[in-house]
Amino acid sequence: MGASAIGADYFDLEAILAEEERVPVLFLTSVTGVGRALDPSCDDDDLAEGVKVDLPQWLTKGQLSEKRFVEVRTPKCFNERVKKDIQADPGVVNLRERSAFFYAFGRSLCRILDNNAELADFLLITFRGRYKDLLLQSHFAPDEDVQALKRIMTREEIRIFEAGRQSMQSFTQWRQRKDSIYNMAPILGKKRKR
Amino acid sequence: MFGRKAAELVREEYRADADKINTYNEDLVSQVLEETREHYSYIRNIVSRVSEEPSGFAGAAPKDGAAVAIHHESILRNKRCLLAYANTRAEKVRALRWQLGAVLPENVSEKLSAAERDCFKAYDKLLGEYMGTGPDGIGIDLTVDMLPPKDPYIECQVLRDAGAMLLDDKVVHLVPHTRHFIKRAEAEPLIAQGILSHIES
């Protein structure tokens, strides 16, 4: 079991779903009994040596890569083309299309790929290039633009974006002195009036 | 197989609005448990077959080792997904006590599993004892005054008939569509339950 599997994010739904992202692997050994389940094109009970399949990341990060049963390759969303796109203009790249959990996925992939420094730098550059726009938009973008803006963001970015919007809304409410009005519990259905 | 259903369960909870609670997905949970049992029986089969071979575990083929590793990781994965699902919902169940008070309305209660309803009751008892006037109690209702109070009384409009109730030590029957000044602490839970609405003054 990798260290991250028992870390502080054990119960974190987002961390769990980030590990659902798929990684291409090369099997360095054959495997008993899981052929059809892991490789849809496989016609045998056993998975053969040298087969390439996409596996969810949680499956590859533990013993499978540690004991060298598989060799992990770089997934598409971190390939050279994506790197070039992001170098050109990080702000306009649709990251969600590449991976909904781009940063979390990349971070744990760094660990699997023997602390790959190049990938770590790339993640940092990407986030740095997008953060300023993200922050400005979360505070000042008009409501009708929000859906379009969110379309190119990963789940992690959306969380930051929403936090920014929430803080702006709370500020406006406070300024208009609407912050001391009680509301019905939101769980009962009707959306809170803002 | 291989964590797909468990991920579905987690995704369902992830997509849910933080303010809402979904119906407990008993069916999917039991499917994940069943799948976990299957993984276990695969491991047992491989282990017992290898242990009967003359070369034993030392001479076991890598292909069997890899298979055990895959099933083992799958079991851990399912466990993590189930626990995260239960934990996220348990947090929401505890939050319900603060939002809605000691008694859950029918339309909320029916969305919880039997265990979650027990959890709510046990949490209610714990919180009640802590806030109560008993030997271990602090004698303060912590669930009210969530916003800093400015005035001890607030103006409220009655939204629906909730029968007779005790307000300010008197039994009153609030008639729908009438407006009243009510003690803030007493009005707050009624607003949360949707019986009153707070009118801006």
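Brief remarks on what is shown
- Taking the square roots of five times each eigenvalue of the Cα gyration tensor of the protein assembly as shown, the equivalent ellipsoid has semi-axes of 50, 30, 16 Å, listed largest first.
- Separation in nanometres of the label points that stand 7 Å from Cα toward Cβ, at A:C42 and B:A18: 4.1
- nm² value of the averaged projected area, convex hull over the Cα atoms of segment B:41-128: 8.2
- Among B:A66, B:Q157, B:V175 the positive-end extreme of the charge dipole of chain B (Cβ point charges): B:A66
- A simple charge model with +1 on the Cβ of Lys and Arg, -1 on the Cβ of Asp and Glu and nothing else charged puts the dipole of the protein assembly as shown at about 1040 debye relative to its Cα centre.
- Couplings 3J(HN,Hα) of segment B:78-89, computed from phi: 4, 4, 4, 5, 5, 5, 5, 4, 5, 5, 4, 5 Hz, in residue order, whole Hz [Karplus 6.51 cos²θ - 1.76 cosθ + 1.60, θ = phi - 60°; x for Gly and Pro].
- Each of B:D141 and A:A88 was given a label point 7 Å from its Cα along the Cα-to-Cβ line. The distance between the two points is 6.2 nm.
- Along segment B:23-33 the Karplus relation, 6.51 cos²θ - 1.76 cosθ + 1.60 evaluated at θ = phi - 60°, assigns HN-Hα couplings of 5, 4, 8, 4, 4, 5, 4, 6, 5, 5, 4 Hz to successive residues, with x for each Gly and Pro.
- Listed residue (B:V108, B:L127, B:V29) projecting farthest to the positive dipole end of segment B:4-131, Cβ model: B:L127
- Of the GluC sites (Glu not before Pro) found in segment A:106-194, not one falls in a DSSP loop while having at most 13 other beta-carbon atoms within 10 Å.
- Segment A:74-178 - charge dipole about Cα centre, Lys and Arg +1 at Cβ, Asp and Glu -1, debye rounded to 20: 340
- The distance from the alpha carbon centre of segment A:93-126 to that of segment B:1-58 is 28 Å, rounded to a whole number.
- When each of the peptides A:51-58, B:175-182 is scored by the mean number of other C-beta atoms lying within 10 Å of its residues, the order from highest to lowest reads A:51-58, B:175-182.
- Sparse-neighbourhood loop sites, trypsin sites (Lys or Arg not before Pro) in segment A:119-152 - DSSP loop, at most 14 other Cβ within 10 angstrom: A:R151
- Members of B:K92/B:K170; A:K132/A:K178; B:K5/B:K121; A:K52/B:K5 lying beyond 27 Å, as alpha-carbon distances in this model show: B:K92/B:K170; A:K132/A:K178; B:K5/B:K121
- 10 Å binning of all Cα-Cα separations within chain B, expressed as whole percents from 0 upward: 7, 23, 22, 17, 12, 9, 5, 3, 1
Each reported figure results from applying straightforward, stated rules to the coordinates on display, with no laboratory input. Only a predicted model underlies this, so the values are computations on that prediction, with no experimental measurement involved. With ideal geometry, Cβ positions are generated from the backbone for all residues, glycine too; neighbour counts draw on all protein chains shown.
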